[in-house]
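S.K.: Quick one: this structure, given as C-alpha cells, is what I'll be asking you about.
Coordinate-derived values only; no laboratory data. Here the structure is a predicted model, which is why all the values come from computation and not from measurement. Positions of Cβ are generated from backbone atoms using ideal geometry, with glycine treated the same way; all protein chains shown enter the neighbour counts.
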Amino acid sequence: MSATELWPVLTGLPPLIDECSRVLVLGSFPSKQSLAKQEYYGNAQNHFWQIMAKLFEFDPQAPYRGRTMALIASGVAVWDVIAECSREGSGDDAIQDATANPLLSLLRDHPHVRHIAFNGGTALRTARIFVPDLFEDGSVEWRQFPSTSPRHARLKLEDKLAVWRQLKHWLSVQ
C-alpha cells in the first residue's frame, strides 16, 4: 500500500519570483500550517520571516503580501523542490511519493537567478535526487543553509542569521 492510499496528495505553493530575482531560496515542501494559510513559512515558530526581515529591513509581522513584496523587491525568490507529495503531519521525514517542481524550467525562465539557497538538508538532498542537472553545469552557485524550521532548533536565531547573511553578499556581487 502506497502513502497516497493512506494520505491525500498535497500540492505545494506557486513560486514567489519576478524578472529581477537573483537569489532563489528553496525549501523542501510547505508545512501543514503553510498549506492551510497558502503562505510560505506560515508556521509562526519558523524563523524564515524573522531572518529575512532582519536582512532586508522590513517588518516580520507585516501582512504576508507586504513581506513577500519586500522580499521580491530585494531580489529574493522563494519556492520548494517538491511540487506534490503525501505526508502525515508537517515533518520532512514523513514525505512520501514526492514529485519535483520544474526547477530547471524556472531557472531558464528567470536567467538572472544565479544563486540558490537551500533551506535545510532535506531541500538539498531532494534536489540532488530529482534535479541532478542543477548541480552539473555550474551556472548557478548554491549552498545549504541552516533550516529555519522550528524542528531544527539546534541553532539559535542569531546563529542562523549569521549564516543566512550570505544572501546579502550574493546580492551585492551581482
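S.K.: How would you rank 47-57, 31-41, 71-81, highest first, on the average number of other Cβ atoms within 10 Å across their residues? Kindly include the intermediate steps, with their values, before the conclusion.
M.R.: On the way: 47-57: 19.5, 31-41: 17.8, 71-81: 21.4.
Those peptides, ordered most packed to least, come out 71-81, 47-57, 31-41.
S.K.: What is the distance, in nm, between label points placed 7 Å from the Cα along the Cα-to-Cβ direction at GLN38 and at ALA62?
M.R.: It is 2.1 nm.
S.K.: Another question about this same structure. Please report, in debye to the nearest 20, how large the charge dipole of region 22-172 is about its Cα centre when each Lys and Arg carries +1 at its beta carbon and each Asp and Glu carries -1 there.
M.R.: Numbers: 18 positive and 16 negative charges, 97 e Å.
The calculated dipole for region 22-172 is roughly 460 debye.
S.K.: Sticking with this one: Please give the per residue volume of the convex hull enclosing the alpha carbon atoms of the chain, rounded to a whole number of Å³.
M.R.: Details: hull volume 18.7 nm³, N = 174.
Once divided by residue count, the hull of the chain is 108 Å³.
S.K.: How much FRET efficiency would the formula 1/(1 + (r/R0)^6) give for ASP97 and ASP18, where r is the Cβ-Cβ distance and R0 is 22 Å, rounded to 0.05? Don't skip to the answer; put the middle values down first.
M.R.: Details: r = 31 Å, r/R0 = 1.43.
My answer for the efficiency is 0.10.
S.K.: Quick one: of the DSSP bridges fully inside region 22-172, what percent are antiparallel, nearest 5? Intermediate values should be presented prior to the final figure.
M.R.: Values: 3 of 17 bridges.
Expressed as a percentage, antiparallel bridges in region 22-172 total about 20.
S.K.: Taking the Cα-to-Cβ direction at GLN50 and at GLN166 and moving 7 Å from each Cα, how far apart do the two end points lie in nm?
M.R.: Each label point is offset 7 Å from its Cα along the Cβ direction, giving 2.1 nm.
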